[in-house]
Structures are given as structure tokens and as C-alpha cells.
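Undergrad: Just passing along the structure, written as C-alpha cells.
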Amino acid sequence: MTTSTSARPAGPGASHRGLQDPTRRPGEWAILQFLRGSATIAILTTAGIVASLFPAAISFFREVQTVHGVSFLEFATGTFWAPDFANPSFGVLPIVVGSSIVVVLALLVSVPVGLLSAIYLSEYAPARVRRIIKPALEVLEGVPTVAVGLFAFWFLRPTAQEAFPNLPWTGPFAILIGGMAVGLITVPLMASVSDDAMRQVPQSLREAAYALGDSKARVAIRVVVPAAISGIVAGIVLAASRAVGETMIVLLAAGAGNPNLSFNLFAGVQTMTAFIAGKATGDIAQGTLIYDTVFAVGSLLFLVTLSLNLFAIRFVRRFREVYE
Amino acid sequence: MNADPTPEHALPDAAAAPTVGSSMPGGSGSSETASTGFDLSTALGGARADDEERARAEVVFEADRLSVFYGDFQAVRDVSMQIHAKEITAFIGPSGCGKTTLLRSFNRMNDLIASARVEGGLRYHGEDVYGEGVSPVIVRRKIGMVFQKPNPFPKSIYDNVAYGPRVLKWKKSDLDDVVEESLTRAALWDEVKDRLDQSALGMSGGQQQRLCIARAIATKPDVLLMDEPCSALDPIATLRIEDLMRELKDEYSIVIVTHNMQQAARVSDYTAFLTVDIDDESGQRTGELVEMDRTDRIFTNASDPRTEAYVSGRFG
Ligand SMILES: Nc1ncnc2c1ncn2[C@@H]1O[C@H](COP(=O)(O)OP(=O)(O)OP(=O)(O)O)[C@@H](O)[C@H]1O
Ligand SMILES: [Mg+2]
């Protein structure tokens, strides 16, 4: 690589003229372009996903409309999801509800557990304990979800039934177990994002509260958590987004194939992801209706996640305006 | 209006603590200050000094060979001093001499620093601040603090001032009055009365510092500790805060750390001059109290040459 284009030894006082840096290197331009290119990859990937999902989704809506007489409204509000039955039905609500139940159950686990862990890590834990717990959380985060799914199906589900035999367990699956298992694997995300946000809170704010005679627990809850709220909400939305997209755990623990709209936590309920994973196993042919259906559900999933993330960004920005 | 639920000055183990008869007139107490007090009374004529001492209100703090350590490092050595009620006491001295450290030991803020440790005695209205069973939380409710950098909470102006009263679980219906009264005392009410619900972070630095003062006095603490409260402010904001301190003086005992000699001279009644003692062998820098006296005497007729050198600008 060429170094300085002009090696003229020009000290700052050598001349009063010329504010340009004579040693500007062409290498810098190349580095900038490389960095720019790397950043573009993420955007291109998103664009690629949209480009592959949406055309099939559009052809899905066209086909169900013309062949089966199903309008978009019927698709969005129908309560029976059986696109591959001999007499198919395209009401998407059952799998949307399934995904929503998973999100709610997952957040019910990960928000309190993650937030309390974060409060402990950031406000209470001595440095020594932090050094152990932080990596341990990352290990949990790194466990393959298929392993967690097996654990949920073969261990959690039977154990839960043994512990609470009087609950109306039906069949081998239970979305309750699936949702809670998804919650468990998002605890590290929730804890670590919240912990980071809480550690960003300046020590001077804690001191202000202590100087007013506040106790440690209340300083954490009344000062640190509110000051870190934008980060915490971002963590919640990321956890929700992760839960909507989680596939293997719900497929194994809550099953795929139940076409009915069901709120029964003790039975299998199909989610959008489980439907896609259950169908898209390679033996569906491109251009068929079921192929297009999978992509339509994929597009829906994409839009849900996208809007969750946009919401998170907006929320964070709004709080920045207020608090910074 | 709002009665503090706990009796006036009592720390939690009030019953157990042997109460030292506070502030015997004339007895300016322990070792170091005692010697200064002695010199003065001989120099100025005993009778006059005695009158003067008798006129002072009771002793709030009495430090007896108080030392503060950070781990093995001794930041402050053997400080003995008395701080009287309803006076403004200034701590002056070169950077690093332990003014902040000493001040923060008065309301146990140093407890928040894991390595910090205190030796020697510190009595608050006769009660051992570091005694067994004393709750630092209760200590801080009686001894408020204003910091060098304004540190309002990222909450509304109202919620900032109401924070302390809410900690003490004062009646909700009283909060409006408390907020108005505190902001008025802090000379801020007229500027903010129409935007109490707006974020405190939208205020100027000087307003934020006055808000922090309002927040600190909302619960009517007994003492106000102020660590360079004006160092981030312009001269006009500084003068406003000095006015405020003079006004607060008839209800509060104020201890202020300042690097500004004129400020110390302008506002304080008594001044403590601290300096750094550098150990010849180890090179360790330890803060020490040189002398404490009436501010006019510190500035015009100090008994220690080091004080004279410092206040006349020949040192530090
Ligand atoms: N948290 C801490 N841990 C260890 N040492 C500390 C800590 N805080 C202060 N010190 C040390 O204690 C000594 C006294 O510091 P302190 O902040 O009390 O001085 P100061 O008189 O307030 O100085 P300044 O006028 O610059 O504010 C200094 O040597 C400082 O380095
Ligand atoms: Mg200081």
C-alpha cells in the first residue's frame, strides 16, 4: 500500500497557508468503503428476505382469493387453520394466537426473572460474583434451542404433570411448558440488556437518593430502574421478538398441526413458527399453494418482528428526549 | 406542618448510646481545636472569647481524632473539630487534602465506597455516628447533602423535590405545600412554578443546583453538607446560592467545602483549614486539620503560618 503521497516534512509552523492534511492516504478511503460495505450487508440481507418472502405471500393472497374465495379479512379473522387439508381453511388466528400465548408466557417468565437478576447483578452482586454469573448467563443463552425443546418435552412436561396431576393436561404437548421454556432462554438476554442499562445510570443519581435517606432496595427500584427504563423496555421488546421467532422449543414442546383456535395452556397449540418449520421440510414444491402459504406466514412473522423492533426504537428515542 | 416521624435528632439506638453533654460553653473540645482555642483566648483576652463562645448555639458535630482510610491509604488523619448549630462552617484547603472525604464521613456517604473505613470518634448531638446499631439511612435523613455537580433525578421538577418526603412517607396531601415551600426557599419557585411537571434535566446548571438544594431541604434535615456546590456555576448563580445559604442559616447548620476563598470569607462563620501532609519517607499524602477558627480571624489573623500562606494565595 502506498504511504504518504507527499513526504514533505511540513511542521505546523512551516507555512501559514494550506489547511489540508498533506498526508491523507488513499488507504483510508478503501477502509471506509470496506466498513460501509460491511454495514450494507445487514441491509441487503433484510432486503433479500423481503424480496423472497413477499412475492410468494402476494401470490398466496391472490390464489386463496380466486380459488378458495377467502378474502384478506377472512384470512386475518378466521379461526380454523388447515391450509393442507383436503378441504382447506385459511383462518390464520389460531397460529397467531399460539404465537401470542408463547410471547406472553415467555415474558411472564423472562421479565421478572431477568429484571431481578439484573438488579442483583448491577446493584448488589460483588464483582467476584458478577464474574461468575455473567458468563454462566451467556452459556444458558448459547444452549441450542433444540436441546431446550427436548428438555421441555421429555423432562419439564412430565415433571409438571407429576407435580400438578390435577391440572387438565391433554396429550403429549403443552404450550404452557413451551412458552415458559422460551421464557427461560430469553432470561439471559433480558438480564444482560437490563444490567447494561442499569450500570449506565450515573453513580451520582444513586448518591443523590442515598443522601436523602433512601434504602438500597428503594434506590434500585425508584431511581435506577426508572433511569434505565429505555434500556429495560428495549430488552423486553427484544425478548418478545426473540420469543415470537422461537421455533424449535415450541415445535417440540407445543407441537404443530392443531388447526383449532385454542387458549388451552395444557394442550398443544400451534404457533406461526411451528407451522412453518412443520411444513417447510423440503417436500413441498415451489409454486404450490402450501408453499405460498408458508411464505405468507413467514411474511406475517417478519412484519410482527419488524414492528416490535420499530416500537422499541421509538420508545428508546422518546425516553432519550425526556431524560438526556 | 410535617412532623418528622422520629424524634428530633435521635439516631436509632438513642436509648443505648451514652449521651455526651453537648457543647459546654468555652470548652472547644478535643485536642487540636482545643489548643487553637487556648491560644486565642490568651491572645484576645479570656473574657471576650468566653462571651463569644457562649453565644454560639449547641454543638452539632464533634469529631475526635477522626481518621478516614481508603483501604490502606489514610486520606484524613486525626481531625478533631466542633461544628455548631445554625452556623455556616467552611472547609478550605488544597486539592486532595480530604475535604470531600471528611464531609462525606459526616453523613456516612463513605459507607457506599467498599474500601472506605473510619477511625476515631464522630458525635452528632452527642451520639456516636458510627456506633453499633446506627443506621446510615437514618443518619442521612437528618444530615442532607448537596453535591459538587448538580445531580437531579431524571424525573419531573416536582418529583425531584418530593422524593425525600416520599421516602419518609409524608402525607400525599402535604406534598404540594412542601414542594412549593422548598422551591421558594431555594429561590426557584417563581422560575419553575408553571412547569413543575417538566423534566428537571431541561433546566440550566444553576437552576439544577438550586433544585438539588430544594430537594435536600424538603425534608427539613438538621444539617446540610455542601461539597463545592457552586463550582459548576457562573458568578450570578453562585451569589444566589450564597444568599440562599445565608437565609437557610437560621434554620440549618451548614457545612460547605469550597475552593473559593472569597466565598468562604463571604458566607461562613467558621472556617476549617485542612492541608496535605506528605510523609518524608513513604511519600504518602494525608489530609490534616491545621486550624479551625472564626472566619474573620482565619482570613486576617490566622494563628498558623500555613493558614496565612494559603489564604493569602501563597500556597496551594
Ligand atoms: N473513592 C476513593 N478511593 C480511594 N481514594 C480516594 C477516593 N476518594 C478520594 N480518595 C483519595 O483521598 C484523598 C482525599 O480526596 P478528597 O476527594 O477527599 O480531597 P478533596 O480535598 O475533596 O480534594 P478536591 O479539592 O480536589 O475536591 C485524595 O488523595 C484522593 O485521591
Ligand atoms: Mg472534593
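The values are calculated or read from the model by the stated rules, or taken from the named source; none is laboratory data. Bear in mind that the values here come from a model prediction, so they are computed numbers and not experimental data. Reconstructed Cβ throughout: ideal geometry from the backbone, glycine too, with neighbour counts over all protein chains shown.
Undergrad: Which pairs have Cβ atoms under 9 Å, sit 6 or more apart or on different chains, and link a residue in the stretch B:96-124 that is farther than 27 Å from residue A:123 by Cβ to one that is part of a helix (DSSP H, G or I) and more than 8 Å from ligand 1 (Cβ to nearest atom)?
TA: Between residues of the stretch B:96-124 that are farther than 27 Å from residue A:123 by Cβ and residues that are part of a helix (DSSP H, G or I) and more than 8 Å from ligand 1 (Cβ to nearest atom), the close pairs are B:122/B:105; B:122/B:106; B:124/B:106; B:124/B:139; B:124/B:142.
Undergrad: Against the definition (surrounded by fewer than 16 Cβ atoms within 10 Å (Cβ to Cβ) and farther than 20 Å from residue A:244 by Cβ), how does residue A:124 come out, yes or no?
TA: On the way: surrounded by fewer than 16 Cβ atoms within 10 Å (Cβ to Cβ): yes; farther than 20 Å from residue A:244 by Cβ: yes.
Yes, satisfied.
Undergrad: For the subset of the stretch B:218-233 comprising residues that are within 14 Å of ligand 2 (Cβ to nearest atom) and hydrophobic (A, V, I, L, M, F, W, C), which member is modelled with the lowest pLDDT? Even if it seems obvious, please write down each step before you answer.
TA: Within the stretch B:218-233, the first condition is being within 14 Å of ligand 2 (Cβ to nearest atom), and the residues that meet it are B:225-232.
From what is left, the residues that are hydrophobic (A, V, I, L, M, F, W, C) are B:225-226, B:230, B:232.
Details: B:225: 96, B:226: 95, B:230: 88, B:232: 78.
So the residue we want is B:232.
Undergrad: Only strands (runs of 3 or more DSSP E) wholly contained in the stretch B:45-160 count here; list those with 1 or more residues that are out of contact with any Pro (no Cβ under 9 Å at 6 or more places or on another chain) and away from ligand 2 (no atom under 16 Å from the Cβ).
TA: B:59-70, B:73-84, B:88-92, B:116-124
Undergrad: Scan the stretch A:190-222 for residues that are facing chain B (nearest Cβ under 8 Å) and crowded, with 22+ Cβ neighbours inside 10 Å and report the count.
TA: Residues flagged as facing chain B (nearest Cβ under 8 Å) and crowded, with 22+ Cβ neighbours inside 10 Å within the stretch A:190-222 amount to 7.
Undergrad: Have a look at A:146, A:104 and point out the one that is over 30 Å from residue A:222 (Cβ atoms) and surrounded by fewer than 16 Cβ atoms within 10 Å (Cβ to Cβ).
TA: Values: A:104 fails: over 30 Å from residue A:222 (Cβ atoms).
Exactly one residue qualifies, and that residue is A:146.
Undergrad: Please enumerate the residues belonging to the stretch A:170-201 that are touching a helix residue (DSSP H, G or I) at 6+ places or on another chain (Cβ under 8 Å) and not hydrophobic (A, V, I, L, M, F, W, C). Let's see the steps before the verdict.
TA: Taking the stretch A:170-201 first, the residues touching a helix residue (DSSP H, G or I) at 6+ places or on another chain (Cβ under 8 Å) are A:172-201.
Those that are touching a helix residue (DSSP H, G or I) at 6+ places or on another chain (Cβ under 8 Å) and not hydrophobic (A, V, I, L, M, F, W, C): A:172, A:178, A:179, A:183, A:186, A:188, A:192, A:194, A:195, A:196, A:199, A:200.
Undergrad: What is the one condition in (1) over 30 Å from residue B:200 (Cα atoms); (2) away from every other protein chain (no Cβ under 14 Å); (3) surrounded by fewer than 23 Cβ atoms within 10 Å (Cβ to Cβ) that residue B:114 does not satisfy?
TA: Result: residue B:114 fails condition (2) only.
Undergrad: Considering the stretch B:268-302 alone, what residues qualify as being touching a Cys at 6+ places or on another chain (Cβ under 6 Å) and crowded, with 18+ Cβ neighbours inside 10 Å?
TA: Of the stretch B:268-302, the ones touching a Cys at 6+ places or on another chain (Cβ under 6 Å) are B:274-276, B:287.
Listed by number, the residues that qualify are B:274, B:275, B:287.
Undergrad: So is residue B:199 over 20 Å from the mean Cα position of the chain (by Cα) and either within 14 Å of chain A (Cβ to nearest Cβ) or within 16 Å of ligand 2 (Cβ to nearest atom) (or both) or not?
TA: yes
Undergrad: While we're looking at this one, here's another question. Say whether the condition of being at the interface with chain A (Cβ under 10 Å from one of its Cβ atoms), closer than 14 Å to residue A:205 by Cα and in a helix (DSSP H, G or I) is met by at least one residue in the stretch B:203-214.
TA: Kept after step one, since they are at the interface with chain A (Cβ under 10 Å from one of its Cβ atoms), are these residues of the stretch B:203-214: B:212.
This time we only want the ones that are closer than 14 Å to residue A:205 by Cα, so: B:212.
Pick out the ones that are also in a helix (DSSP H, G or I) and you get B:212.
Yes, that holds for at least one residue.
Undergrad: Which residues, counting only those in the stretch B:234-267, are within 16 Å of ligand 2 (Cβ to nearest atom) and not β-branched (Val, Ile, Thr)? Full working, then the answer.
TA: Just the residues of the stretch B:234-267 that are within 16 Å of ligand 2 (Cβ to nearest atom), to begin with: B:255-261, B:263-264.
Correct list: B:259, B:260, B:261, B:263, B:264.
Undergrad: Among the residues in the stretch B:165-175, are any of a type outside the set (Lys, Arg) and within 16 Å of ligand 1 (Cβ to nearest atom)?
TA: Taking the stretch B:165-175 and keeping what is of a type outside the set (Lys, Arg), we get B:165, B:167-168, B:170, B:173-175.
Now drop any that are not within 16 Å of ligand 1 (Cβ to nearest atom), which leaves none.
Taking every residue of the stretch B:165-175 in turn, none turns out to be of a type outside the set (Lys, Arg) and within 16 Å of ligand 1 (Cβ to nearest atom).
Undergrad: Continuing with the same structure: Keeping to the stretch B:147-181, report how many residues are facing another protein chain (nearest Cβ under 8 Å) and within 24 Å of residue B:255 (Cβ to Cβ). It would help to see each step written out before you state the result.
TA: Restricting attention to the stretch B:147-181, the residues satisfying the condition of being facing another protein chain (nearest Cβ under 8 Å) are B:147, B:149, B:151-155, B:163-164, B:167-168.
Applying the additional criterion that residues be within 24 Å of residue B:255 (Cβ to Cβ) yields B:147, B:149, B:151-153, B:163-164, B:167-168.
Residues that pass the stated criteria total 9.
Undergrad: Look at the stretch B:184-194 and say how many of its residues are part of a helix (DSSP H, G or I) and either modelled with pLDDT of 95 or more or surrounded by fewer than 13 Cβ atoms within 10 Å (Cβ to Cβ) (or both). Write out each step before concluding.
TA: Of the residues in the stretch B:184-194, the ones part of a helix (DSSP H, G or I) are B:184-185, B:189-192.
Subsequent filtering for residues that are either modelled with pLDDT of 95 or more or surrounded by fewer than 13 Cβ atoms within 10 Å (Cβ to Cβ) (or both) retains B:190.
Residues that pass the stated criteria total 1.
Undergrad: I would also like to ask the following. Could you count how many residues in the stretch B:92-108 are more than 8 Å from ligand 1 (Cβ to nearest atom) and either away from every other protein chain (no Cβ under 14 Å) or crowded, with 24+ Cβ neighbours inside 10 Å (or both)?
TA: So the answer is 3.
Undergrad: For the stretch A:239-248, check the following and say yes or no: at least one residue is within 14 Å of chain B (Cβ to nearest Cβ), at pLDDT below 95 and closer than 21 Å to residue A:311 by Cα. Quick ask: steps written out before the conclusion?
TA: Of all residues in the stretch A:239-248, those within 14 Å of chain B (Cβ to nearest Cβ) come to none.
No, every residue in the stretch A:239-248 fails to be within 14 Å of chain B (Cβ to nearest Cβ), at pLDDT below 95 and closer than 21 Å to residue A:311 by Cα.
Undergrad: Name the one entry in B:62, B:53, B:87 that is of a type in the set (D, E, K, R) and at pLDDT below 65.
TA: Details: B:62 fails: at pLDDT below 65; B:87 fails: at pLDDT below 65.
The unique qualifying residue is B:53.
Undergrad: Another question, then. Kindly provide the set of residues from the stretch A:99-143 that are touching a residue at least 60 places away in the same chain (Cβ under 8 Å) and either part of a loop (DSSP other than H, G, I, E, B) or of a type in the set (S, T, N, Q) (or both), ordered by number.
TA: Matches in the stretch A:99-143: A:99, A:110, A:117, A:122.
Undergrad: I'd like to know if the stretch B:229-251 contains one or more residues that are acidic (Asp, Glu) and within 14 Å of chain A (Cβ to nearest Cβ). Working first, answer last.
TA: We begin by selecting, within the stretch B:229-251, every residue acidic (Asp, Glu); these are B:234, B:242-243, B:247, B:250-251.
Then drop every residue that is not within 14 Å of chain A (Cβ to nearest Cβ), which leaves none.
Scanning the stretch B:229-251 turns up no residue that is acidic (Asp, Glu) and within 14 Å of chain A (Cβ to nearest Cβ).
Undergrad: Does residue B:135 satisfy the condition of being surrounded by fewer than 22 Cβ atoms within 10 Å (Cβ to Cβ) and either of a type in the set (S, T, N, Q) or within 8 Å of chain A (Cβ to nearest Cβ) (or both)?
TA: On the way: surrounded by fewer than 22 Cβ atoms within 10 Å (Cβ to Cβ): yes; either of a type in the set (S, T, N, Q) or within 8 Å of chain A (Cβ to nearest Cβ) (or both): yes.
Yes; evaluated as a whole, the condition is true for this residue.
Undergrad: I want to confirm something. Restricting to the stretch B:205-258 and keeping residues that are small (Gly, Ala, Ser) and within 16 Å of ligand 1 (Cβ to nearest atom), which single residue is farthest from the chain's Cα centre (by Cα)?
TA: Initial filter on the stretch B:205-258 (small (Gly, Ala, Ser)): B:205-206, B:214, B:216, B:218, B:231-232, B:237, B:253.
Pick out the ones that are also within 16 Å of ligand 1 (Cβ to nearest atom) and you get B:231-232.
Numbers: B:231: 16, B:232: 18 Å.
The residue in question is B:232.
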